[in-house]
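The values are calculated or read from the model by the stated rules, or taken from the named source; none is laboratory data. Note that the structure is a prediction, hence the values are computed from the model and not measured. Using ideal geometry, Cβ is built from the backbone for each residue, glycine included, and neighbour counts are taken over all protein chains shown. Just so you know, the surface numbers come from the protein's heavy atoms only, side chains and all, with ligands and any DNA or RNA stripped out. Shrake-Rupley method; radii C 1.70, N 1.55, O 1.52, S 1.80 Å.
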Amino acid sequence: DAGVIQSPRHEVTEMGQEVTLRCKPISGHNSLFWYRQTMMRGLELLIYFNNNVPIDDSGMPEDRFSAKMPNASFSTLKIQPSEPRDSAVYFCASSLSGGEETQYFGPGTRLLVL
Amino acid sequence: AQKVTQAQTEISVVEKEDVTLDCVYETRDTTYYLFWYKQPPSGELVFLIRRNSFDEQNEISGRYSWNFQKSTSSFNFTITASQVVDSAVYFCALIGYNFNKFYFGSGTKLNVKP
């Protein structure tokens with residue numbers, strides 16, 4: 001079975017540009033999570049969807065970040081405009097239902113904003 | 001408040017040694033879930049184990065074992081006869097039943113030397 005799929009795996013962009021990260025959860029999973037990992041802050045939950053509806057976006061750093069889940073098999077995390085401090089690894093994870101279920105992580109997108 | 005503490009930032013052992021990674025948590029929930037994830041140098045997050053708060057039975061899976069003690073709020077992870085392939089960062093995580101957020105510890109980097 002395919003795991004969580006993320007694209008791109010690596011992204012290098014210049015400050016001010018728009019960045020879109022993509023995620024395809026495991027088929028049949030109803031919950032999707034976006035995380036950011038940095039050396040300074042570790043792993044942080046950005047936003048959590050359940051049945052395509054955002055449940056908790058309190059971790060989204062600021063208005064430059066937005067996330068959508070138009071259907072059960074696709075989600076995007078957009079940063080506009082990007083800043084150097086957004087450089088991090090962004091992980092997408094999915095679970096059967098709810099946060100208490102085991103979350104399976106994608107390979108991550110390594111973002112570098114110059 | 002919920003919190004996960006992994007006091008050991010980095011541990012180095014020689015192959016075949018046993019090693020224990022500590023995890024101490026705080027929660028007010030009576031129902032909660034604990035997890036261990038492995039992040040090898042390649043960067044992906046690999047699920048190792050999920051435990052609910054009502055199941056204090058220790059678990060063994062091959063060379064891996066977990067010791068869950070509610071009395072000390074600890075969920076420690078032991079690798080027996082460590083191997084070089086065990087070198088990774090190991091994260092302990094907690095989620096409460098009524099919360100959607102996933103609280104990760106800061107991780108313990110394990111170096112297994114040949």
When chain A is treated as a Gaussian network with springs between alpha carbons less than 10 Å apart, the largest mean-square fluctuation among A:G98, A:G42, A:G16 is found at A:G42
Residues of region A:71-90 with amide N under 20 Å of the 7 Å Cα→Cβ point at A:E14:
A:79-88
Evaluate the distance, in nm, between pseudo-label points positioned 7 Å from the Cα of B:T31 and of A:I5 along their respective Cα→Cβ axes.
3.5 nm
Among the aspartates and glutamates, select those whose C-alpha is under 18 Å from the C-alpha of B:K16, and discard any that sit fewer than 8 residues away in the same chain.
B:D86
Run down the lysines and flag those whose C-alpha is under 23 Å from the C-alpha of A:K68, throwing out any fewer than 8 positions away in its chain.
A:K24, A:K78, B:K101
Let me know the whole percent of all Cα-Cα pairs from the protein assembly as shown that are separated by more than 22 Å.
52 percent
Please report, to one decimal in angstroms, the Kirkwood hydrodynamic radius of region B:42-100 built from all distinct Cα-Cα pairs.
13.2 Å
Residue-normalised accessible area of chain B, given per residue in Å² at a 1.4 Å probe
50 Å²
Calculate how many DSSP beta bridges within chain B are antiparallel, expressed in % of all such bridges and rounded to the nearest 5.
90 percent
Take B:F102, A:F74 and sort them by solvent-accessible surface of the protein heavy atoms, 1.4 Å probe, largest at the top.
A:F74, B:F102
On a straight-distance basis, which lysines could pair with B:K70 in a cross-link, Cα separation under 19 angstrom, same-chain partners fewer than 8 positions away excluded?
B:K3
What per residue convex hull volume, in Å³, comes out for region A:1-82 when only alpha-carbon positions are used?
103 Å³
Can you tell me the Rg and the Dmax, both Å, for the Cα atoms in region A:1-42?
13.2, 38
Any chance you could list P(r) for chain B, counting all Cα-Cα pairs in 10 angstrom bins from zero, rounded to whole %?
15, 48, 30, 7, 0
Of A:P81, A:S27, A:L45, farthest towards positive along the dipole that unit charges on Lys, Arg, Asp, Glu beta carbons give region A:22-89:
A:S27
Across the alpha-carbon set of region B:19-74, Rg over Rh with Rh taken as the Kirkwood radius works out to 0.98
Roll a 1.4 Å probe over the protein heavy atoms and report the accessible area of B:V24 in Å², nearest 10.
70 Å²
Can you give me the Cα centroid spacing of region A:34-86 and region B:1-40 in angstrom?
25 Å
Toward the positive end of the charge dipole of chain B, about the Cα centre and with charges on Cβ (Lys, Arg +1; Asp, Glu -1), which of B:V84, B:Q69, B:Y37 goes farthest?
B:Y37
Using only alpha carbon positions, build the gyration tensor of region A:38-114, then give the equivalent ellipsoid semi-axes as the square roots of 5 times its eigenvalues, largest first, whole angstrom.
22, 14, 12
Where the only charges are on Cβ atoms (+1 Lys, Arg; -1 Asp, Glu), what is the dipole of region A:8-80 about its Cα centre, to the nearest 20 debye?
280 debye
Any trypsin sites (Lys or Arg not before Pro) in region B:10-114 that lie in a DSSP loop and have at most 12 other Cβ atoms within 10 Å would be B:K16, B:R28
On complex formation of B with A, accessible surface lost, both sides summed, probe 1.4 Å, nearest 100 Å², amounts to 1500 Å²
